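The structure appears below as structure tokens.
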Amino acid sequence: MEELIQIEGVAKSYGAHRVHKELTLSIHRGECFTLLGPSGCGKTVLLRLIAGFESPDAGVIRIGGVVVSDPAAGVNLPPDSRSLGMVFQDYAVWPHMTVFDNVAYPLKLMKKSRQELTASVMEAVGMVGMKGLEKRLPSELSGGQQQRVALARALIAKPSLLLLDEPLTNLDANLREEMRFEIKELQRKLETTVLYVTHDQEVALAISDRLAVMDERGKIRQTGTPWEIFERPADPFVFNFMGVANFLPVRNEEGKYLVGNGSQPIPWEKPEGGAKDWAAAFRPSDVKIGRGGEGLRGAVRRASFLGAVMDYLVDVDGASLRVSAETHEAIAEGLMFEDGEDCIVSFRGLHWFEAEKLREALTASAHNNEGVRA
Amino acid sequence: MSSLGKKPGFGVAQVILFLSVAILVVVVAVPVLLIFFNAFWVNGSFNIRDVARIISEPDTWQALVNSLIIAAGTTIGSTIVGTFFAWLVTRTDLPCKRFMKGMFLVPFMLPSFIGAMAWKMLLSPRAGFINRFFMLHFGLSGPIFNIYSYAGIMLVEVMYLFPFVFIQVCGALERMDPTLEESARISGAGLFTITRKITIPLVLPSILSGALLIMLYSMAHFGTVAVLGIENGIFNIPTLIYQRIHQSAGSFASIRTGTVLAAILVAAAALILWLQGKILSRGHYQIIAGKSFRPMELKLRALRMPLFLFCAAYIGFTIVLPTVVIFLVGGLKTYGLPFTWENLSLDNYKFILSAYKVTRDAIWNSVTLGFSAAVITMFAGVMISYVIVKMKVRGKGILEFLGMLPFSVPGSVIALGVILAWSGRYGVNLYNTVWIILVAYIARYMAFSLRANSAALEQVHDSLVEAARVCGATMWQALRDVVLPLVRPGMLAAFFLIFLPSLRELTVSIMLYAPTTRTIGVAIYTLNEDGETVRSAALAGIALIIIVAGQLLVERFLGKKAQG
């Protein structure tokens, strides 16, 4: 597949603060690619490097084969000669221009004829569902409508690359869901390449063809399709970042893998490797809770009814895990537990991580995970 | 090695930065530095002993002491008056509060030297109308009050400066979260205790900050002391600087004295502003909520009418009376005649507007100077603010400092610095031309423009410009299409913030005028000094009309803008 953006060995620091070092990434033409990471990880900086608002300290950035930034060769194209489209988190719709003038601005700069301009603007405005509002000023629009204007403005010049910087963050939850499908729809229809930056893993999974997960230090931990990222996380950081995570401590005692501080051996596939301490990682939905059968013995410490699902906090030999069960399934199978009842837990699937690596990943994200988990 | 790509952004930034630094250095930094240089540098070496000698001369020492006395008295008086009225109009059930509040702010608009002239007409020991009235009808042998005194100067300054405290305290009292007081009340505190223990401590920072502003202003104040003090030989620092420079036509000794006094003034002003900054930064105990609340109102009961009459009398006595006197005297055939219908006419007004060259020139000079200074400063200000607010360049802190410097540099000091810089010593001689006044106005009002424009630019989020850049706009195009239209209200505000005060400006232009380059303020002042009292008063009346009309127009115009 042809690569539209190539980032090779890019480094960027602000004073003593190193945001990126040796970052390498490529994005295919026509795909919707998401940079996913906690806030402050440098994903926006990377976007701004690609847009040309910042210049890298080292490395090369190519867009469509053209070198746009290469400090070693003294190349740094300004944003206006990179022919991109961009949508900002705060919309950045010009408050002194009408919807029409906002959307028309890129074409005005290209000196298009009045006729061509009007036709294109009307098409773009229609495309984002804003027909009839062209005469309005941004102050007369809702946040969602302003973001549609920004989208139309970014798309009107038919850029090969559309950059989206957390465009849905300032919208309310319903609108956010609606808009993310619309963006995906537009991207498919126009066959534009989209680079989307967000800290919201749900959006990332929903709209991406591929995504890259970045950690706090600006390092890319894993690149892949949403399915790969979710089901085959490369490390505990990625696993933890992609949703509510349980980590069950397991220790290796003379070839036996024992859970928590108790003596129950793990009844499933064993980890591969020589480490002594391990963590079995799984999501609440990966756990089955029952009253008998094969599994680990535990006790329900807290049962919470959340409507569609029951949420249990289960204690297994000093380790606690979150387990969820669909409410009417639980009722049908007699699995409505109460606080203090004994239970058996087993797993549909799990990942093994070395305890050492898990600790590293969790301390790194501990001070910076607000808004990360759904 | 620089590439094609790098040049455009680099070039624009460099041009703007270079121009900004150049303007501020030439217009602001050089004159102020020259003051210090001339004060402390004698015959090629640093000489502090000579500075001490100058300060210990009786005249200079007395002027320093006078500045302090007058500033102290004025500050105390204004703080009491301003706080009291602020409390009355925000926290009591005084009738017609809104109107009263508006009236208490009127002195902001009026030039205090015109007020001083009016009080001279009313209370000068022999000729003052009030003094004469009492001597005539009550058989007093001497005047009831002599305005040519420390007390007279301080009283007049209080009348014109108390709004500084008034407006600050009003703001604090109005924005103060009433739950703070209500919770004290629920805890069983009486209104008196609440006022003493809660309200006053909470508004104290506002009171102090307003008081310091008054102190700064009064110490460097020229007009009132010039009009009322010279008769009895009361000089403060600015009037002494003026007298020395003016009488000696720029001799070396007088310039030395001037620069030493100016340096002291700048140092004192810097100290005051530093103190004010400290108080303001420490005093914001998060008590002031952004929203407007309905504060608790004290029922004045039996005192309601007496206090209302007191306020009305104060307004009548300090605002209406002097204004009326100016207009009446301006209508007299000769100063000294009683105010009867046959003695009053519009002849003076007609004369100074059409036939009298001095006043016609003065009006023309003030309007063109004010307009040019406002336009130039508006554009320079928006550019420099852009560098300060938006550009990521090293050393912009220096720009900010230079731009705000004139706030702490009194007008007479700026004028002196401009004389030092632009009277031929360094190749350019603007002395005795209208250009030297223009340069001084630009230096003096730059800070106003920077404030208004910075505030407007802060509202223009970076992403708005970046959005234009990704749409294909160059730096210049983005500035033209996005930044300029959005800061236009700020620029307009800057224009009027400069144009209106410059119409009544006296302190700077009095030091710089030549026979043909009088401004309105200078003409009023010199005519009055020359005994042309009726013409001076007529011109003052016209100036008042222009100033008040301009202010009302701006308020209506800009007020509507803000709503729409």
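The values are calculated or read from the model by the stated rules, or taken from the named source; none is laboratory data. Computed from a predicted model, the values in this text were never measured in an experiment. Here the Cβ positions follow ideal geometry from the backbone for every residue, glycine too, while neighbour counts run over all protein chains shown.
Tell me which residues, restricted to the stretch A:45-82, are of a type in the set (S, T, N, Q) and either part of a strand (DSSP E or B) or at the interface with chain B (Cβ under 8 Å from one of its Cβ atoms) (or both). Give the derivation first.
First pass over the stretch A:45-82, keeping only residues of a type in the set (S, T, N, Q): A:55, A:69, A:76, A:81.
Those that are of a type in the set (S, T, N, Q) and either part of a strand (DSSP E or B) or at the interface with chain B (Cβ under 8 Å from one of its Cβ atoms) (or both): A:SER69, A:ASN76, A:SER81.
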Exercise for review: Name the residue, out of A:SER26, A:SER39, A:SER13, that is without any contact (Cβ under 8 Å) to a residue 24 or more places away in the chain and either in a strand (DSSP E or B) or closer than 16 Å to A:ASP215 by Cβ (or both).
Suggested key: A:SER26
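Could you count how many residues in the stretch A:259-306 are part of a strand (DSSP E or B) and without any contact (Cβ under 8 Å) to a residue 12 or more places away in the chain?
Residues of the stretch A:259-306 that are part of a strand (DSSP E or B), as a first pass: A:259, A:265, A:277-282, A:287-290, A:296-305.
Now restrict to residues that are without any contact (Cβ under 8 Å) to a residue 12 or more places away in the chain: A:265, A:304.
Residues that pass the stated criteria total 2.
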Review point. When B:ASN232 is evaluated against the numbered criteria (1) crowded, with 18+ Cβ neighbours inside 10 Å; (2) farther than 26 Å from B:ASP50 by Cα, which criterion, by number, is the only one it fails?
Key: (1)
Revision key, fill the gap. Across (1) outside any helix (DSSP H, G or I); (2) over 18 Å from A:PRO236 (Cα atoms), A:LEU321 clears everything bar (2)
Exercise for review: Select the helices (runs of 4 or more DSSP H) contained entirely in the stretch B:423-482, then report the ones holding at least 2 residues which are farther than 30 Å from A:PRO159 by Cβ and more than 9 Å from chain A (Cβ to nearest Cβ).
Suggested key: B:434-458
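Provide a single number: the residues in the stretch A:300-344 that are within 30 Å of the chain's Cα centre (by Cα) and within 21 Å of A:ASN246 (Cα to Cα).
Going residue by residue through the stretch A:300-344, those that are within 30 Å of the chain's Cα centre (by Cα) are A:304-314, A:319-327.
Then keep just the ones that are within 21 Å of A:ASN246 (Cα to Cα); that gives A:304-306, A:308-314, A:319-327.
Qualifying residue count for the region: 19.
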Review point. Quick check: anything in the stretch B:21-42 part of a helix (DSSP H, G or I) and more than 30 Å from B:TYR426 (Cβ to Cβ)?
Key: no
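I need a count of the residues in the stretch B:483-500 that are in contact with a Pro (Cβ under 9 Å, 6 or more places away or on another chain) and either more than 7 Å from every other protein chain (Cβ to nearest Cβ) or of a type in the set (Lys, Arg) (or both). Full working, then the answer.
Initial filter on the stretch B:483-500 (in contact with a Pro (Cβ under 9 Å, 6 or more places away or on another chain)): B:486.
Adding the requirement that they be either more than 7 Å from every other protein chain (Cβ to nearest Cβ) or of a type in the set (Lys, Arg) (or both) leaves none.
Of the residues in the stretch B:483-500, 0 are in contact with a Pro (Cβ under 9 Å, 6 or more places away or on another chain) and either more than 7 Å from every other protein chain (Cβ to nearest Cβ) or of a type in the set (Lys, Arg) (or both).
For the stretch A:142-161, which residues satisfy the criterion of being assigned to a loop (DSSP other than H, G, I, E, B) and free of Cβ contacts under 8 Å to residues at least 40 places away in the same chain?
Taking the stretch A:142-161 as the starting set, the residues that turn out to be assigned to a loop (DSSP other than H, G, I, E, B) are A:142, A:156-160.
Hits for the stretch A:142-161 are A:SER142, A:LYS158.
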Practice item. Keeping to the stretch A:261-293, report how many residues are buried (at least 18 other Cβ atoms within 10 Å of the Cβ), more than 15 Å from A:CYS343 (Cβ to Cβ) and either touching a helix residue (DSSP H, G or I) at 6+ places or on another chain (Cβ under 8 Å) or not basic (Lys, Arg) (or both). Key: 7
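Tell me whether the stretch B:436-450 contains one or more residues that are over 18 Å from B:LEU500 (Cα atoms), at pLDDT 90 or above and surrounded by 24 or more Cβ atoms within 10 Å (Cβ to Cβ).
The initial filter retains those residues of the stretch B:436-450 that are over 18 Å from B:LEU500 (Cα atoms), namely B:436.
Among the residues that remain, those that are also at pLDDT 90 or above are: B:436.
Narrowing the set further to residues that are surrounded by 24 or more Cβ atoms within 10 Å (Cβ to Cβ) leaves B:436.
Taking every residue of the stretch B:436-450 in turn, at least one turns out to be over 18 Å from B:LEU500 (Cα atoms), at pLDDT 90 or above and surrounded by 24 or more Cβ atoms within 10 Å (Cβ to Cβ).
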Exercise for review: All but one of (1) under 19 Å from B:VAL554 (Cα atoms); (2) surrounded by 20 or more Cβ atoms within 10 Å (Cβ to Cβ); (3) without any contact (Cβ under 8 Å) to a residue 60 or more places away in the chain hold for B:ARG488, so report the exception by its number.
Suggested key: (2)
Practice item. Return yes when B:ALA268 is in a helix (DSSP H, G or I), among the hydrophobic types (A, V, I, L, M, F, W, C) and either closer than 18 Å to B:VAL65 by Cβ or touching a Cys at 6+ places or on another chain (Cβ under 8 Å) (or both) and no when it is not. Key: yes
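How many residues does the stretch B:194-211 hold that are in contact with a helix residue (DSSP H, G or I) (Cβ under 9 Å, 6 or more places away or on another chain) and without any contact (Cβ under 8 Å) to a residue 24 or more places away in the chain? Working first, answer last.
Taking the stretch B:194-211 as the starting set, the residues that turn out to be in contact with a helix residue (DSSP H, G or I) (Cβ under 9 Å, 6 or more places away or on another chain) are B:194-195, B:197-200, B:202-211.
With the extra rule that they be without any contact (Cβ under 8 Å) to a residue 24 or more places away in the chain, the set shrinks to B:194-195, B:197-198, B:200.
Of the residues in that region, 5 qualify.
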Review point. Restricting to the stretch B:337-362, what's the tally of residues that are closer than 22 Å to B:MET121 by Cβ, surrounded by fewer than 21 Cβ atoms within 10 Å (Cβ to Cβ) and among the aliphatic types (A, V, I, L, M)?
Key: 5
Practice item. Go through the stretch A:83-132 residue by residue and tally those that are at the interface with chain B (Cβ under 8 Å from one of its Cβ atoms) and free of Cβ contacts under 8 Å to residues at least 60 places away in the same chain. Key: 8
Practice item. Would you mind listing the helices (runs of 4 or more DSSP H) fully within the stretch B:92-164 where at least 2 residues are without any contact (Cβ under 8 Å) to a residue 60 or more places away in the chain? Key: B:97-105, B:129-138
**Study point:** Index of the failed condition, B:PRO515 passing every other in (1) in a loop (DSSP other than H, G, I, E, B); (2) touching a Gly at 6+ places or on another chain (Cβ under 7 Å)
**Key:** (2)
Review point. Any residue at all in the stretch A:298-312 that is surrounded by 15 or more Cβ atoms within 10 Å (Cβ to Cβ), under 22 Å from A:ILE229 (Cβ atoms) and not assigned by TED's automatic domain parsing to the domain that holds A:GLN201?
Key: no
Review point. If a residue has to be within 25 Å of A:THR118 (Cβ to Cβ) and within 12 Å of chain B (Cβ to nearest Cβ) to count, how many in the stretch A:159-197 make the cut?
Key: 2
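Looking at this structure, is A:ARG283 among the charged types (D, E, K, R), assigned by TED's automatic domain parsing to the domain that holds A:VAL250 and touching a Lys or Arg at 6+ places or on another chain (Cβ under 9 Å)?
Working: among the charged types (D, E, K, R): yes; assigned by TED's automatic domain parsing to the domain that holds A:VAL250: yes; touching a Lys or Arg at 6+ places or on another chain (Cβ under 9 Å): yes.
Yes, satisfied.
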Check your understanding: Name the residues in the stretch A:110-141 that are surrounded by 18 or more Cβ atoms within 10 Å (Cβ to Cβ), among the hydrophobic types (A, V, I, L, M, F, W, C) and assigned to a helix (DSSP H, G or I), would you?
Key -> A:LEU117, A:VAL121, A:ALA124, A:VAL125, A:MET127
Check your understanding: helices (runs of 4 or more DSSP H) wholly in the stretch B:166-219 with at least 3 residues that are on the phi > 0 side of the Ramachandran plot - which ones?
Key -> none
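Having 1 or more residues that are closer than 18 Å to A:GLU31 by Cβ and not assigned by TED's automatic domain parsing to the domain that holds A:GLY349 is the bar; report the helices (runs of 4 or more DSSP H) wholly within the stretch A:185-256 that clear it. Can you show your working first?
Working: elements: A:201-207, A:226-231, A:236-241.
Helices (runs of 4 or more DSSP H) meeting the threshold: A:201-207, A:226-231.
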Revision key, fill the gap. Just one listed residue, out of B:LEU539, B:LEU464, B:LEU500, is within 20 Å of the chain's Cα centre (by Cα) and either closer than 25 Å to B:VAL413 by Cα or modelled with pLDDT of 90 or more (or both), and it is B:LEU500
Practice item. Would you check which residues across the stretch B:400-420 are in contact with a Leu (Cβ under 6 Å, 6 or more places away or on another chain) and crowded, with 24+ Cβ neighbours inside 10 Å and list them? Key: B:GLY403, B:PRO410, B:VAL413, B:ALA415, B:GLY417
